[in-house]
Ligand SMILES: [Zn+2]
Ligand SMILES: [Zn+2]
Ligand SMILES: [Zn+2]
């Protein structure tokens, strides 16, 4: 059992918040070497010395001068010492105060869990020890007992075991419900995110079916959060695709200015010489733009609303003029001609274009540099 890492057990998909780290355990000194001392794996886990642990264990096992009888389900009895119980659990202390008994012997009852679980629980109150297998089998019941009888050390250990391996698709619904009941926010967050990221498998478990019957409101809540998560995921993909498109447009705009100002490979201002063997430039969009400009220059249908390629070129030219920082110095063809069109456009068109320009500038977060208008200069 790996107990060192405080990481959540599964990939929470980066959508759910990462749960805060647990505070350091009180009964677990975190040094693995001690756990393994004298083959102590078979004796359970603890960081007190073996001798101390053994004497507390044998005090419980032997019941020397035990003065409390704990009645459990099916008539079972576990013997214990009032001093130990009262010291370890304020709830047991209260029960013992009110307990009736003969002479010095008192008796209390712990119902609702098998006797074996009561034994494991009470043993922990003595020696802070437990067997690995017992923990594996009874972790949920021990979590409930530790919460009900206010034994925070055991509660923390149960939560850690669940977080680092005992939480499964099969039991996650039960764990989630118990975490809510037992006020274990970290565990409820972890199990909730496990439910969301494995929804299909989890919704086929017995736990889910039982919850559906006993807590329909909780089922409804979970279904809602699954839908929310799905929407968030779709939204994220949509936004990232949008961003890609705006980024491509931004790069096309940069490349257009660069071609019209410096020239690139085979095209550019008429006062420049071009060499076919010129090194490739830094603008990725240049190549596509070069082909488009060549087409635009030669196309017979060169009117707005002409062929798809020309239409695209017109759109790019218009977009440029809306982004252009200074039309009077600009060398992009028709840059100034659009000013007239822009003045005549409808309010609706104006808003649409302004939104597009803003989104394009925002993808680079450097509006205005070096030859585009600044983001702040666009009124909304
Ligand atoms: Zn270029
Ligand atoms: Zn054309
Ligand atoms: Zn311009």
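The values are calculated or read from the model by the stated rules, or taken from the named source; none is laboratory data. A quick note: this is a predicted structure, and the numbers were derived from the prediction, not measured. Cβ coordinates were reconstructed from backbone atoms using ideal geometry, including for glycine residues, and neighbour counts include every protein chain displayed.
Under the condition of being farther than 14 Å from residue 256 by Cβ and either outside any helix (DSSP H, G or I) or within 16 Å of ligand 1 (Cβ to nearest atom) (or both), the residues counted in the range 286-326 number 10. Name the residues in the range 207-224 that are surrounded by 15 or more Cβ atoms within 10 Å (Cβ to Cβ) and assigned to a helix (DSSP H, G or I), would you? If the condition is that a residue be surrounded by 15 or more Cβ atoms within 10 Å (Cβ to Cβ) and assigned to a helix (DSSP H, G or I), then 207, 208, 211, 212, 218, 219, 222 are the ones that fit.
Matching residues to (1) at pLDDT 90 or above; (2) in a helix (DSSP H, G or I); (3) within 16 Å of ligand 3 (Cβ to nearest atom):
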{"site": "231", "(1), (2), (3)": "yes, yes, no"}
{"site": "237", "(1), (2), (3)": "yes, yes, no"}
{"site": "253", "(1), (2), (3)": "yes, yes, yes"}
{"site": "256", "(1), (2), (3)": "yes, yes, yes"}
{"site": "260", "(1), (2), (3)": "no, yes, yes"}
{"site": "272", "(1), (2), (3)": "no, no, no"}
